[in-house]
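The values are calculated or read from the model by the stated rules, or taken from the named source; none is laboratory data. For clarity, every value in this text was computed on a predicted model and none was experimentally measured. Here Cβ is always computed from backbone atoms with ideal geometry, including for glycine, and neighbour counts include all displayed protein chains.
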């Protein structure tokens, strides 16, 4: 990652999440350097990238992006083949500890994973999880319960970010995480050319830890998603509620309670 001057407040960190569409832009070009260049424009400390794909390529996309954007990385490869891998990655300026790869897969659907870790920032530890959820409502209903369990285990500032594929205004994931991670971004990110849906989000606890968030319209030249970027203030969060169980998440989904 390019070296940047330290921010005035070490307790404020910048995170970015982006589905990079396998490195292929709307022009049909496979171009990882332009993905890295757009990310660096925002000088993020922590980056979550989805749909990294090295299959059939001469380069290792995971290694290139990790080398270009940070000093520490964790990978969740959901498809592994002899000619390359597919999945998502979490890249950090600072060391990560207690890295865990959670299996969020649902039977007969594409494999899905979540990366959970604690990032050791200058302002203190940050509990973090990056995700890329399934396309079907049934998948996301089950995955929402799993995510609430991951988010509900830590008491320090917690961030969960990624491509949640939650299309609806009051989607299952949004409802399941509303109490546990009350702060969230609201930028529309898909499709990149005419954004209509908030598929890509950053959730956090406590709510006021989310200082500001934005996106970058220039990304429409590079991917079918726009990135979502946010500044987060680190602090000790008060004890949170217990994680939802799957029946509770399904009950809320059926009730149609807004987030």
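Among the numbered conditions (1) closer than 17 Å to residue 160 by Cα; (2) at pLDDT below 90, the only one that residue 106 does not meet is (1).
Restricting 162, 123 to those that are touching a residue at least 60 places away in the same chain (Cβ under 8 Å), surrounded by fewer than 23 Cβ atoms within 10 Å (Cβ to Cβ) and either closer than 25 Å to residue 206 by Cβ or touching a helix residue (DSSP H, G or I) at 6+ places or on another chain (Cβ under 9 Å) (or both) reduces the list to 123. All but one of (1) more than 23 Å from residue 111 (Cβ to Cβ); (2) at pLDDT 95 or above; (3) surrounded by 15 or more Cβ atoms within 10 Å (Cβ to Cβ) hold for residue 33; state the number of the condition that does not hold. For residue 33, the exception is condition (3). Residues in the range 137-154 that are in a loop (DSSP other than H, G, I, E, B) and surrounded by fewer than 15 Cβ atoms within 10 Å (Cβ to Cβ): 153 only. Please work out if residue 73 is within 20 Å of residue 19 (Cβ to Cβ), modelled with pLDDT of 95 or more and crowded, with 21+ Cβ neighbours inside 10 Å. Judged against the criteria, residue 73 is not a match. Would you say residue 76 is out of contact with any helix residue (DSSP H, G or I) (no Cβ under 9 Å at 6 or more places or on another chain), over 24 Å from residue 124 (Cα atoms), assigned to a strand (DSSP E or B) and without any contact (Cβ under 8 Å) to a residue 60 or more places away in the chain? It is true that residue 76 is out of contact with any helix residue (DSSP H, G or I) (no Cβ under 9 Å at 6 or more places or on another chain), over 24 Å from residue 124 (Cα atoms), assigned to a strand (DSSP E or B) and without any contact (Cβ under 8 Å) to a residue 60 or more places away in the chain. Scoring residue 118 on the criteria (1) in a helix (DSSP H, G or I); (2) surrounded by fewer than 24 Cβ atoms within 10 Å (Cβ to Cβ) leaves a single failure, condition (1). Just to be sure before I move on: is residue 180 under 17 Å from the mean Cα position of the chain (by Cα) and modelled with pLDDT of 95 or more in the structure I sent? Judged against the criteria, residue 180 is not a match.
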